[in-house]
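Input: a single structure, listed below in structure tokens.
The values are calculated or read from the model by the stated rules, or taken from the named source; none is laboratory data. Since this is a predicted model, take the numbers as computed values, not measurements. Here the Cβ is made from the backbone with ideal geometry for all residues, glycine too, and neighbour counts use every protein chain on show. The protein model used for the area step is the full one, side chains on, heavy atoms only, and it has no ligands, DNA or RNA in it. Shrake-Rupley method; radii C 1.70, N 1.55, O 1.52, S 1.80 Å.
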Amino acid sequence: VQGAPVVADPESLRAALLNLILNAVEAAGPSGTVSVRLTSSDNEVTWSVEDSGEGPPAALSDQLGQPFVTGKPDGVGLGLALVRRVADDGRGRLRWHRESGHTCFEFTLPRHIES
């Protein structure tokens, strides 16, 4: 990201963002909306992916991002697990919340990793 460098494997970062965006497109459905926003501070960069879909089942809220946990009938539960792993490997985080009828996943990585 120009002006907001992060320490991450480029292919892993690409896969993580692609998973978040494709999940949002699928969740929103043909008449829904998806937005992607990038914000940065002195210390971190956050990609926010928001959709107008129903969101994950409440029963899974604490388990999202764990391998093989999915609310999709045909899902395998590896997309968010990959995103969480990229976040963890980069000392970042993956969070999600529901607000005003929208689901938002926030994927954050530090600008640089201190040893």
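In the range 27-53, which residues are over 24 Å from Leu109 (Cβ atoms) and either of a type in the set (S, T, N, Q) or in contact (Cβ under 8 Å) with a residue 40 or more places away in the chain (or both)? Lay out the reasoning, then the answer.
Looking only at the range 27-53, we keep the residues that are over 24 Å from Leu109 (Cβ atoms), and these are 28-33, 52-53.
Those that are over 24 Å from Leu109 (Cβ atoms) and either of a type in the set (S, T, N, Q) or in contact (Cβ under 8 Å) with a residue 40 or more places away in the chain (or both): Ser31, Thr33, Ser52, Gly53.
Can you name every residue in the range 92-103 that is more than 17 Å from Leu82 (Cα to Cα), touching a residue at least 40 places away in the same chain (Cβ under 8 Å) and not β-branched (Val, Ile, Thr)?
Of the residues in the range 92-103, the ones more than 17 Å from Leu82 (Cα to Cα) are 97-103.
After this cut, where a residue has to be touching a residue at least 40 places away in the same chain (Cβ under 8 Å) as well, the list is 98, 101-103.
Those that are more than 17 Å from Leu82 (Cα to Cα), touching a residue at least 40 places away in the same chain (Cβ under 8 Å) and not β-branched (Val, Ile, Thr): Arg98, Gly101, His102.
A quick yes/no check of all residues on (1) under 23 Å from Gly32 (Cβ atoms); (2) at pLDDT below 90:
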residue	(1), (2)
Glu54	yes, yes
Leu60	yes, yes
Val83	yes, no
Asp89	no, no
Arg93	no, no
Phe105	yes, no
Arg111	no, yes
Ser115	no, yes
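Just name the residue that is most open to solvent (accessible area, probe 1.4 Å) out of those in the range 86-101 that are touching a helix residue (DSSP H, G or I) at 6+ places or on another chain (Cβ under 8 Å) and assigned to a helix (DSSP H, G or I).
Only one residue tops the list, namely Asp89.
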